[in-house]
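The values are calculated or read from the model by the stated rules, or taken from the named source; none is laboratory data. Computed from a predicted model, the values in this text were never measured in an experiment. Heads up, the Cβs are rebuilt from the backbone with ideal geometry, glycines too, and the neighbour counts pull from every protein chain shown.
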Amino acid sequence: MVEHHRAVVAGRVPVRPAGEAWVRRRTEYVSWLEGGSGLLHLARREGAAEVVGYAMCHLVPSGPTFDLGEVRGDVESLAVSPQARGEGVGTALLGAVRAELERRGCRHWSISVAADNTAAARLYERVGFRPLVHMMHAPLDTGV
C-alpha cells in the first residue's frame with residue numbers, strides 16, 4: 001500500500017519507508033481492534049488461503065458539526081494486491097464493511113483518497129461516497 005501511495009503522490013508529499021509505515025499502521029490497527037473500535041475484513045480468492053485484500057474501518061465519533069449519528073465508520077485502509085485489482089475485491093470488501101456498519105446501527109461512513117488516486121475515487125463513488133470536505137496540505141518550510 002505504501003509503495004502505491006508513493007507512486008500516486010509522485011514526490012509531492014514525503015512517504016515513510018514501507019517497513020516503518022507498516023509498524024505504525026499495525027500498532028494503530030491493533031489498538032483499534034483491542035479497544036473495540038476497529039473492523040477488519042479480509043478477502044481471499046475462493047478456496048485459497050492467501051489474502052488478496054483487506055479493509056480496516058475505525059469507528060469514530062461523528063463530531064460536533066455534522067449530524068452523522070453517534071458513531072460513523074471511517075474506512076482507514078482499503079488494500080488489494082496488484083494481481084487481484086479489477087476483480088471486484090475492493091467492491092466486495094467495501095460491501096462487507098458497509099453491511100457491518102449498518103448492522104451496528106451506523107448511519108454514515110467515510111473514506112479518504114489521495115487527490116490523484118482517480119481509480120480509487122471512481123470505486124468509492126460507485127459504492128456511494130461523495131466529496132464532503134476538501135483537505136488541503138502544505139509543508140511549513142516553504143517560506144510562503
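Residue by residue through segment 82-95, note down the ones that are small (G, A, S) and either surrounded by 15 or more Cβ atoms within 10 Å (Cβ to Cβ) or in contact (Cβ under 8 Å) with a residue 40 or more places away in the chain (or both). Before you say what the answer is, go through the steps one by one.
Taking segment 82-95 and keeping what is small (G, A, S), we get 84, 86, 88, 90, 92, 95.
Those that are small (G, A, S) and either surrounded by 15 or more Cβ atoms within 10 Å (Cβ to Cβ) or in contact (Cβ under 8 Å) with a residue 40 or more places away in the chain (or both): A84, G90, A92.
Taking the condition of being at pLDDT 95 or above and more than 15 Å from the chain's Cα centre (by Cα), how many residues in segment 23-32 meet it?
Kept after step one, since they are at pLDDT 95 or above, are these residues of segment 23-32: 27-32.
Filter once more, keeping what is more than 15 Å from the chain's Cα centre (by Cα): 27, 30-31.
Of the residues in that region, 3 qualify.
If you check R107, R122, R98, which single one turns out to be without any contact (Cβ under 8 Å) to a residue 40 or more places away in the chain, surrounded by fewer than 12 Cβ atoms within 10 Å (Cβ to Cβ) and not in a strand (DSSP E or B)? Working first, answer last.
Details: R107 fails: surrounded by fewer than 12 Cβ atoms within 10 Å (Cβ to Cβ); R98 fails: surrounded by fewer than 12 Cβ atoms within 10 Å (Cβ to Cβ).
It is R122.
Considering (1) within 26 Å of G36 (Cβ to Cβ); (2) in contact with a helix residue (DSSP H, G or I) (Cβ under 7 Å, 6 or more places away or on another chain), say which one V97 fails and leave the rest.
Every listed condition holds for V97 apart from (2).
Conditions (1) under 25 Å from W22 (Cα atoms); (2) modelled with pLDDT under 90; (3) not in a helix (DSSP H, G or I), marked per residue:
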| site | (1), (2), (3) |
| --- | --- |
| L42 | yes, no, yes |
| T65 | no, no, yes |
| H137 | yes, yes, yes |
| G143 | no, yes, yes |
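Being touching a helix residue (DSSP H, G or I) at 6+ places or on another chain (Cβ under 9 Å), within 25 Å of R24 (Cα to Cα) and in a helix (DSSP H, G or I) narrows it down to one of G90, G73, so name that one. Step through it out loud before you land on a result.
Details: G73 fails: in a helix (DSSP H, G or I).
Being touching a helix residue (DSSP H, G or I) at 6+ places or on another chain (Cβ under 9 Å), within 25 Å of R24 (Cα to Cα) and in a helix (DSSP H, G or I) holds for just one of G90, G73, which is G90.
Consider segment 5-22. How many of its residues are among the β-branched types (V, I, T) and either at pLDDT 95 or above or part of a loop (DSSP other than H, G, I, E, B) (or both)?
Taking segment 5-22 and keeping what is among the β-branched types (V, I, T), we get 8-9, 13, 15.
With the extra rule that they be either at pLDDT 95 or above or part of a loop (DSSP other than H, G, I, E, B) (or both), the set shrinks to 13, 15.
Counting residues in segment 5-22 that are among the β-branched types (V, I, T) and either at pLDDT 95 or above or part of a loop (DSSP other than H, G, I, E, B) (or both) gives 2.
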